[in-house]
Amino acid sequence: GAVVSQHPSRVICKSGTSVKIECRSLDFQATTMFWYRQFPKQSLMLMATSNEGSKATYEQGVEKDKFLINHASLTLSTLTVTSAHPEDSSFYICSARVGGRPQHFGDGTRLSIL
Amino acid sequence: DQQVKQNSPSLSVQEGRISILNCDYTNSMFDYFLWYKKYPAEGPTFLISISSIKDKNEDGRFTVFLNKSAKHLSLHIVPSQPGDSAVYFCAASIAGTASKLTFGTGTRLQVTL
């Protein structure tokens, strides 16, 4: 089946650091990639939708200058959490889609800001 | 505002019996529904879906039922197996924003021997 690789799986860093998370579709070209965030005991919340070569569409309440998304190719999207603070600590997960098929998810990144 | 709700955070079922996971939604614009399964330290894996033009979709041991008037769907697993133990997420989307998914909070299923 389709595979989406997300890296790194875990990050622990100091407050004020910028963190980059990569999401790659390994065996298909993803027309659209999505970034979600999940806080403990809550559901996956969509942060933004990105299409290759165009600007990401952010959900209401998500700061686009805080969470920079780059979708440079059909197989790679990156999420950069700029100047991360403890409240940004969360589980970030990406997914990729081709055509009208269901989204395939990466294994997520656990971000801990000290 | 939680538009997709899974009111049972956990469920325990004996091996061989039926597991029934429930999901309710509030947005009547949702017309496509999916179930994902998630193991610890892994991302969600697509399991089964249903369009609002149907009321049932079956795939092997998994069947999803949709009751549009009640804004309710359920996932039936029969017979349940220990390997089915995982967290199950219900998700919904609206046509035109085809893949923008709204997720429930998940139900942890434990299948016991």
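Right, A:Ile12: open to solvent by less than 20 Å² (accessible area, probe 1.4 Å) and touching a residue at least 24 places away in the same chain (Cβ under 8 Å) or not? Working first, answer last.
Working: open to solvent by less than 20 Å² (accessible area, probe 1.4 Å): no; touching a residue at least 24 places away in the same chain (Cβ under 8 Å): yes.
So A:Ile12 does not fit the description; no.
Out of A:Ser5, A:Ser25, which single residue is more than 24 Å from B:Val4 (Cβ to Cβ), under 15 Å from the mean Cα position of the chain (by Cα) and within 12 Å of another protein chain (Cβ to nearest Cβ)?
Values: A:Ser25 fails: within 12 Å of another protein chain (Cβ to nearest Cβ).
Checking each option against the conditions leaves just A:Ser5.
Going by the conditions given, is B:Lys68 open to solvent by 30 Å² or more (accessible area, probe 1.4 Å), touching a residue at least 12 places away in the same chain (Cβ under 8 Å), farther than 18 Å from B:Lys100 by Cα and within 12 Å of the chain's Cα centre (by Cα)? So that I can check it myself, show each step before the final result.
On the way: open to solvent by 30 Å² or more (accessible area, probe 1.4 Å): yes; touching a residue at least 12 places away in the same chain (Cβ under 8 Å): yes; farther than 18 Å from B:Lys100 by Cα: yes; within 12 Å of the chain's Cα centre (by Cα): no.
It is false that B:Lys68 is open to solvent by 30 Å² or more (accessible area, probe 1.4 Å), touching a residue at least 12 places away in the same chain (Cβ under 8 Å), farther than 18 Å from B:Lys100 by Cα and within 12 Å of the chain's Cα centre (by Cα).
Considering each residue of the range B:17-52, count those that are closer than 18 Å to B:Ser99 by Cβ, without any contact (Cβ under 8 Å) to a residue 40 or more places away in the chain and not hydroxyl-bearing (Ser, Thr, Tyr), and give that number.
Total satisfying the criteria: 4.
What number of residues within the range B:93-107 are in a strand (DSSP E or B), more than 11 Å from every other protein chain (Cβ to nearest Cβ) and either out of contact with any Leu (no Cβ under 6 Å at 6 or more places or on another chain) or more than 23 Å from A:Gln103 (Cβ to Cβ) (or both)? Quick ask: steps written out before the conclusion?
Going residue by residue through the range B:93-107, those that are in a strand (DSSP E or B) are B:93, B:102-103, B:107.
Filter again for more than 11 Å from every other protein chain (Cβ to nearest Cβ), leaving B:107.
Cutting the leftovers down to either out of contact with any Leu (no Cβ under 6 Å at 6 or more places or on another chain) or more than 23 Å from A:Gln103 (Cβ to Cβ) (or both) gives us none.
Number of matching residues: 0.
Kindly check whether there is at least one residue in the range A:19-26 that is of a type in the set (A, V, I, L, M, F, W, C), open to solvent by 60 Å² or more (accessible area, probe 1.4 Å), part of a loop (DSSP other than H, G, I, E, B) and touching a Ser or Thr at 6+ places or on another chain (Cβ under 6 Å).
Here is the first cut: in the range A:19-26, the residues of a type in the set (A, V, I, L, M, F, W, C) are A:19, A:21, A:23, A:26.
Adding the requirement that they be open to solvent by 60 Å² or more (accessible area, probe 1.4 Å) leaves A:26.
Remaining after also requiring part of a loop (DSSP other than H, G, I, E, B): A:26.
Checking the rest, the ones that are also touching a Ser or Thr at 6+ places or on another chain (Cβ under 6 Å) come to A:26.
Yes, the range A:19-26 contains a residue that is of a type in the set (A, V, I, L, M, F, W, C), open to solvent by 60 Å² or more (accessible area, probe 1.4 Å), part of a loop (DSSP other than H, G, I, E, B) and touching a Ser or Thr at 6+ places or on another chain (Cβ under 6 Å).
Which one of these does A:Lys41 not meet: (1) at pLDDT below 90; (2) under 27 Å from B:Pro40 (Cβ atoms); (3) surrounded by 14 or more Cβ atoms within 10 Å (Cβ to Cβ)?
Exception for A:Lys41: condition (3).
May I ask you to list the residues in the range B:21-48 that are surrounded by fewer than 19 Cβ atoms within 10 Å (Cβ to Cβ) and of a type in the set (Ser, Thr, Tyr)?
Answer for the range B:21-48, where residues must be surrounded by fewer than 19 Cβ atoms within 10 Å (Cβ to Cβ) and of a type in the set (Ser, Thr, Tyr): B:Thr26, B:Ser28, B:Tyr39, B:Thr45.
Restricting attention to strands (runs of 3 or more DSSP E) lying wholly within the range B:1-50, give those where 1 or more residues are closer than 27 Å to A:Cys23 by Cβ. So that I can check it myself, show each step before the final result.
Values: elements: B:10-14, B:19-25, B:32-38.
So the answer is B:19-25, B:32-38.
Quick one: B:Val111 ticks every box in (1) in a loop (DSSP other than H, G, I, E, B); (2) of a type outside the set (S, T, N, Q); (3) away from chain A (no Cβ under 14 Å) bar one, so which box is it?
With (1) in a loop (DSSP other than H, G, I, E, B); (2) of a type outside the set (S, T, N, Q); (3) away from chain A (no Cβ under 14 Å) applied to B:Val111, the lone miss is (1).
Hey, could you check the range A:44-59 for residues that are among the polar types (S, T, N, Q) and free of Cβ contacts under 8 Å to residues at least 24 places away in the same chain and say which is surrounded by the fewest Cβ atoms within 10 Å (Cβ to Cβ)? Write out each step before concluding.
Applying the first criterion (among the polar types (S, T, N, Q)) to the range A:44-59 yields A:49-51, A:54, A:57.
Now narrow it down to the ones that are free of Cβ contacts under 8 Å to residues at least 24 places away in the same chain: A:49, A:51, A:54, A:57.
Details: A:Thr49: 20, A:Asn51: 15, A:Ser54: 8, A:Thr57: 17.
Among them, the one singled out is A:Ser54.
Can you pull out the residues in the range B:1-42 that are aliphatic (A, V, I, L, M), under 21 Å from B:Lys71 (Cα atoms) and within 14 Å of chain A (Cβ to nearest Cβ)?
Selection gives B:Val4, B:Leu34.
Which condition breaks for B:Asn57 when tested against (1) surrounded by 15 or more Cβ atoms within 10 Å (Cβ to Cβ); (2) more than 10 Å from chain A (Cβ to nearest Cβ); (3) under 18 Å from B:Gln6 (Cα atoms)?
Of everything listed in (1) surrounded by 15 or more Cβ atoms within 10 Å (Cβ to Cβ); (2) more than 10 Å from chain A (Cβ to nearest Cβ); (3) under 18 Å from B:Gln6 (Cα atoms), B:Asn57 misses just condition (3).
The values are calculated or read from the model by the stated rules, or taken from the named source; none is laboratory data. Keep in mind it's a predicted model, so treat the numbers as computed, not measured. Cβ: placed from backbone, ideal geometry, glycine included. Neighbour counts: every protein chain shown. We work out accessible area using only protein heavy atoms, side chains counted, and drop any ligands, DNA or RNA first. Shrake-Rupley method; radii C 1.70, N 1.55, O 1.52, S 1.80 Å.
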